[in-house]
Amino acid sequence: MMIASFLVLLFFVVIPGLGAFYTRSQWRRFRRSIVDASLIPVISYQKIFTKQEGYEDEFRFIGSLEAIQGDYIWLRNEDLSLSADLKRSHVYVLPSYSYPEEEGFVEQNRETLPDEMPHKIAWNRIFSLPEGTKMFISGPFRTEHGKGMFRGTKTNPLTVVIYDGAERTILRRSIWGGRQRNEYWNFLTPGSLAAGSFSLFILGYILLRSPYLVLPAIFSFTASLIPVLIFAPPGILFFILYRNLWRRSRFLRAERDLLQLPLRYFQKPLSGTPTAETFLPDGSMYCMYRIQNIDLIDSPEVKENLKIRTVSLIQHLHDKVNDYYMFGSLPEQGSGFPVTPEDPMAEYLIIPGNPEELSLECAHQARKFEIQAILAYSLGLGGNFILVFVMLRLFFT
C-alpha cells in the first residue's frame, strides 16, 4: 500500500505539479516581459542613428516583416527600417482578433477576446512568414556599422510577438490570453500519467499473486485508473463543476491583471487622490482623473479610442460605483478630460471604481474559485475511486 501510494503521489501529483509551477511561471514571465516592454521607449531614428558606433540600449518597435535570412529578420514601419537577430528566441503568436468593431464603448473581454493562449514557437521551428506580417519586438538594441539591430542575450532575451488587428490591442490581448488554461495539464503530465498507470498496474499484477495481498493489489489496480476515473459517472458531474470553477478563476485573474495595467506608470497608490500625473516613456504626461459622473463624457473627440474597463464583480455600474478613474494623456491646454496617448501601449480608458481595490478583490475571488475547483475535482475523483475499489473487491473475492 505504501509503494502504491508513493507511486500515486509521485506520478499523479508531484511531477505534474512541478510542470504546473513551471508552466505558470513561464506565462507569468511572458506577461511581465510585455508590461516591461511598455515601459521602455519606442525606437526612433533620432534616438539611435545619431549615436556613436556600439551604442546600446533597450527599445521597442512595432512594424511589419520585410524579409527573413536565417536567424535575421528585417522590419519596417512608417519611420525606419531595422533588423533583429532571433537566434535562440521564441516567438509568441497572439490569437486572432476578429471582432473589435462589435465591442463598442465598453470592453467585452469574454466576448471579444478568444479563449486561447498565444502560441509559443521557437524561432528555429519557423521556416517562413509572409511579407507584411505584423510584429512587435522589444529588448536590447545595438548600432553596428551604421545600422541598428535588436539582439537578445541569455539573461535578457528579446520579446517577439506576431499579431493582427490594431497596435493598441497588443498589450490587452497579451495580458488577457497569456496564461495556461489548466496548469495541471502541461508538458510533463501525459508521460507522467502514462508511467504512473503502467507502474501501478504492474505492481497490482505482482501483488495479486499472493492471496494475502489482494487488497493492496486491488488498490493498485484502482489507482492505475486515476487518470480516467473522473470521466465516469457520477464523478463527471464534479469534473464539469471543476472546469467551470477553474475557468471562472482564470477569468478573474485576467481581469485582475487588466485592472493593474494603467497603474504601472504611477509610483504611489491612487486611493483618495483626485488627480495624478506621471511621465510616459516618450516623455509625454500621463494622468489619472477621478470623476463622479461618467455621463459628463459626451464629447465625440474625448470618446474616440476611449474604453470602459469593467469587471464581472460589478453587475450594475451606476448602482454600485461612486467614482470613475479615467486614464489618458494630459491635454495640451492643461485642462479638461484626458486624451488618447500617442504611445499605443499607454491605455486610454475609464475604470468604474478604484482599480487597486478591484484588482485585490479579483485576486481574492480567483483564489476562492481555485480552492472550490480543487475540492470539486477531489470529490469526484475520490467518489469514483471508492466505487471502483468496491467493485473490484467484490470481483476478486
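Can we say T133 is farther than 21 Å from L39 by Cα and at pLDDT 90 or above? When the stated conditions are applied, T133 passes them.
Quick check, is P281 in a loop (DSSP other than H, G, I, E, B) and surrounded by 15 or more Cβ atoms within 10 Å (Cβ to Cβ)? Taking the combined requirement at face value, the residue satisfies it. Residues of the range 74-98 being more than 16 Å from F61 (Cα to Cα) and surrounded by fewer than 16 Cβ atoms within 10 Å (Cβ to Cβ), which ones? Listed by number, the residues that qualify are K87, R88, S96, S98. What helices (runs of 4 or more DSSP H) lie completely within the range 146-265 and have 1 or more residues being under 18 Å from I15 (Cβ atoms)? So the answer is 189-207, 214-224, 226-229.
Scanning the range 173-197 for residues that are open to solvent by 60 Å² or more (accessible area, probe 1.4 Å) and over 30 Å from P216 (Cβ atoms) turns up R181, F187.
Of all residues in the range 26-48, exactly one satisfies the criterion of being in contact with a helix residue (DSSP H, G or I) (Cβ under 8 Å, 6 or more places away or on another chain) and open to solvent by 70 Å² or more (accessible area, probe 1.4 Å), namely L39.
Does T340 satisfy the condition of being under 30 Å from I43 (Cα atoms) and among the β-branched types (V, I, T)? Taking the combined requirement at face value, the residue satisfies it. Please determine, by comparing only the residues of the range 141-171 that are hydroxyl-bearing (S, T, Y) and modelled with pLDDT of 85 or more, which one is farthest from E56 (Cα to Cα). This residue is T169.
The rows are residues; the columns are (1) in a helix (DSSP H, G or I); (2) under 30 Å from K307 (Cβ atoms).
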{"position": "P341", "(1), (2)": "no, yes"}
{"position": "E347", "(1), (2)": "no, yes"}
{"position": "I350", "(1), (2)": "no, yes"}
{"position": "L358", "(1), (2)": "yes, yes"}
{"position": "E361", "(1), (2)": "yes, yes"}
{"position": "Q365", "(1), (2)": "yes, yes"}
{"position": "Y377", "(1), (2)": "yes, no"}
{"position": "L381", "(1), (2)": "yes, no"}
{"position": "I386", "(1), (2)": "yes, no"}
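Restricting attention to the range 198-224, the residues that are in contact with a helix residue (DSSP H, G or I) (Cβ under 7 Å, 6 or more places away or on another chain), surrounded by fewer than 21 Cβ atoms within 10 Å (Cβ to Cβ) and free of Cβ contacts under 8 Å to residues at least 40 places away in the same chain add up to 2. Restricting attention to the range 113-120, does a residue exist that is touching a residue at least 12 places away in the same chain (Cβ under 8 Å), assigned to a strand (DSSP E or B) and surrounded by 19 or more Cβ atoms within 10 Å (Cβ to Cβ)? Checked against the condition, which is being touching a residue at least 12 places away in the same chain (Cβ under 8 Å), assigned to a strand (DSSP E or B) and surrounded by 19 or more Cβ atoms within 10 Å (Cβ to Cβ), the range 113-120 yields no hits at all. Of the residues examined, G148 is not one that is under 24 Å from R256 (Cα atoms) and surrounded by 20 or more Cβ atoms within 10 Å (Cβ to Cβ).
Scanning the range 1-25 for residues that are open to solvent by 70 Å² or more (accessible area, probe 1.4 Å) and either assigned to a helix (DSSP H, G or I) or touching a Ser or Thr at 6+ places or on another chain (Cβ under 8 Å) (or both) yields M2, I3, F6, L9, V13, L18, F21, Y22.
The values are calculated or read from the model by the stated rules, or taken from the named source; none is laboratory data. Keep in mind that what you see is a predicted model, and the values were worked out from it rather than measured. Glycine gets a Cβ as well: all are built from the backbone with ideal geometry, and neighbour counts include every protein chain shown. Surface areas here come from the heavy atoms of the whole protein model, side chains and all, with no ligands, DNA or RNA. Shrake-Rupley method; radii C 1.70, N 1.55, O 1.52, S 1.80 Å.
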